[in-house]
Amino acid sequence: MKSSSPILYLVIPCYNEEEVLEETTKQLKEKMQKFIKDKVVSPDSRVMYVNDGSKDSTWELIKKISQKEKLFTGITLSRNRGHQNALLGGLMTAKEYADVVISMDADLQDDIHAMDEMLKKFHDGCDVVYGVRSTRKKDTWFKRVTAESFYKFMKVLGVDVIYNHADYRLTSKRVLEELSNFKEVNLFLRGMFPLVGFQSDIVYYERNERFAGESKYPLKKMLNFAWDGITSFSVKPLRCICSIGFIILFISVCIMFYSLIRKFTGNTVDGWTFLVISIWFIGGLQMISLGIIGEYIGKMYGETKERPRFIISENLLDTQYKK
Ligand code: UDP
Ligand code: MG
């Protein structure tokens with residue numbers, strides 16, 4: 001069991017969300033007040049909005065809400081930097097004040113009542129609790145199929161992602177401290193938390209529809225995000241080049257036999273055998289060479305990220321021999 005009343009911060013990135021902020025504030029106020037009353041969280045807990053360079057009156061609204069309600073606060077980015085950067089900015093700010101942080105979207109598509117179970121798991125010793133969508137009935141057919149195929153494809157590429165988990169998650173302060181040592185700039189946060197490790201669990205919830213406003217993730221942004229996820233976490237696409245090279249080289253051997261048979265049975269024009277064998281053989285060799293270069297680039301890419309090589313979660317020396 002952890003200490004009874006941790007300080008909870010809700011981190012909520014907002015980009016042009018003036019239409020939803022009032023309702024979101026109303027619902028979260030009720031929820032937080034209940035948590036505080038039930039002593040699940042400390043009275044110093046807060047909801048922190050992160051304005052991601054909105055072009056509408058979102059920031060003015062956040063300021064107004066924070067003046068009126070002590071429970072609410074906010075930060076604003078100097079310009080729009082995208083959901084992942086805004087979220088990281090919020091998490092890194094919140095960790096200075098909070099013991100535990102939950103991130104969620106401003107449109108409350110993710111059931112806020114799942115927080116009860118998240119906090120329970122935190123009290124039972126979990127450092128990360130992932131919110132997972134049990135069904136996607138309310139998403140469009142297109143969004144459901146593309147999103148679910150994406151998670152499956154990531155698994156094939158060897159990336160440790162939680163199936164159907166977006167950015168609704170609880171994280172303890174120490175997880176965020178460790179996350180701050182990941183210096184990469186191409187962010188794909190849902191892939192980074194499994195790398196940080198620590199004890200984790202999953203909470204399932206039903207995803208709702210957006211109650212107002214439009215999605216800030218149009219198809220183009222979604223594809224970019226998916227591509228970022230793949231290229232920031234997997235070197236398998238580079239490895240594929242080498243495999244393709246070997247396949248082409250194998251084909252070139254088959255073609256060599258085939259064209260030699262054609263030549264000796266007299267079924268060819270002059271020069272054809274030489275040309276066909278050369279094209280396939282050189283094609284294969286080039287692909288393999290690119291693959292080898294790719295291997296080194298993959299290693300460099302890993303090195304440039306400078307991700308922590310290990311994270312110690314407990315050290316008995318701390319209690320055995322106090323310095
Ligand atoms: N968001 C952001 N910056 C952006 C785009 C989106 O901070 O450039 C926020 C947005 O305000 C919301 C969250 O990211 O709180 C998720 O966006 P949205 O709900 O539009 O995505 P969807 O649920 O449609 O995938
Ligand atoms: Mg949404």
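The values are calculated or read from the model by the stated rules, or taken from the named source; none is laboratory data. Here the structure is a predicted model, which is why all the values come from computation and not from measurement. Backbone-built Cβ (ideal geometry, glycine too); neighbour counts: all protein chains shown.
Taking the condition away from ligand 2 (no atom under 16 Å from the Cβ) and surrounded by fewer than 18 Cβ atoms within 10 Å (Cβ to Cβ), does residue 243 pass? Give the derivation first.
On the way: away from ligand 2 (no atom under 16 Å from the Cβ): yes; surrounded by fewer than 18 Cβ atoms within 10 Å (Cβ to Cβ): yes.
In short, yes.
Among the residues of the stretch 98-109, what is the count of those that are part of a loop (DSSP other than H, G, I, E, B) and away from ligand 1 (no atom under 15 Å from the Cβ)?
2
Enumerate the pairs (first residue in the stretch 233-255 and over 23 Å from residue 276 (Cβ atoms); second residue anywhere and not in a helix (DSSP H, G or I)) with beta-carbon separation below 7 Å, excluding pairs fewer than 6 apart on the same chain, so at least 6 apart or on different chains.
233/159; 233/188; 234/157; 234/158; 234/159; 236/157; 236/158
Restricting attention to the stretch 112-139, which residues are within 16 Å of ligand 2 (Cβ to nearest atom), under 19 Å from the mean Cα position of the chain (by Cα) and charged (D, E, K, R)?
133, 136
Residue 86 passes all but one of (1) near ligand 1 (Cβ under 9 Å from one of its atoms); (2) touching a helix residue (DSSP H, G or I) at 6+ places or on another chain (Cβ under 6 Å); which number fails?
Result: residue 86 fails condition (2) only.
Listed residues 70, 64; which is out of contact with any Gly (no Cβ under 9 Å at 6 or more places or on another chain) and not in a loop (DSSP other than H, G, I, E, B)?
Only one candidate qualifies: 64.
Collect the residues in the stretch 179-228 that are away from ligand 1 (no atom under 14 Å from the Cβ), surrounded by 13 or more Cβ atoms within 10 Å (Cβ to Cβ) and small (Gly, Ala, Ser), keeping them in residue-number order.
Within the stretch 179-228, 191, 197, 200 meet the criteria.
Which one of these does residue 95 not meet: (1) within 16 Å of ligand 1 (Cβ to nearest atom); (2) touching a helix residue (DSSP H, G or I) at 6+ places or on another chain (Cβ under 9 Å)?
(1)
Please state which one of 314, 303 is out of contact with any Cys (no Cβ under 8 Å at 6 or more places or on another chain), without any contact (Cβ under 8 Å) to a residue 12 or more places away in the chain and closer than 28 Å to residue 240 by Cα.
From the options 314, 303, the qualifying one is 303.
Pairs needed: first member in the stretch 94-119, in contact (Cβ under 8 Å) with a residue 24 or more places away in the chain and farther than 14 Å from residue 204 by Cα; second member anywhere, away from ligand 1 (no atom under 16 Å from the Cβ) and in a loop (DSSP other than H, G, I, E, B); C-beta distance under 7 Å; at least 6 residues apart or different chains.
97/7; 98/7; 99/6; 99/7; 100/6; 101/95
When you scan the stretch 275-316, how many residues do you find that are of a type in the set (Gly, Ala, Ser) and either loosely packed, with under 15 Cβ neighbours inside 10 Å or under 25 Å from the mean Cα position of the chain (by Cα) (or both)?
Matching residues across the stretch 275-316 total 6.
Which condition breaks for residue 152 when tested against (1) assigned to a helix (DSSP H, G or I); (2) modelled with pLDDT of 95 or more; (3) exposed (fewer than 15 other Cβ atoms within 10 Å of the Cβ)?
(2)
Take the conditions assigned to a helix (DSSP H, G or I), over 12 Å from residue 73 (Cβ atoms) and either free of Cβ contacts under 8 Å to residues at least 40 places away in the same chain or aromatic (Phe, Trp, Tyr) (or both) and apply them to residue 33. Does it pass?
Yes: the conditions hold for residue 33.
Output the residue which, of all residues in the stretch 271-318 that are part of a helix (DSSP H, G or I) and of a type in the set (Ser, Thr, Tyr), is farthest from residue 126 (Cα to Cα).
273
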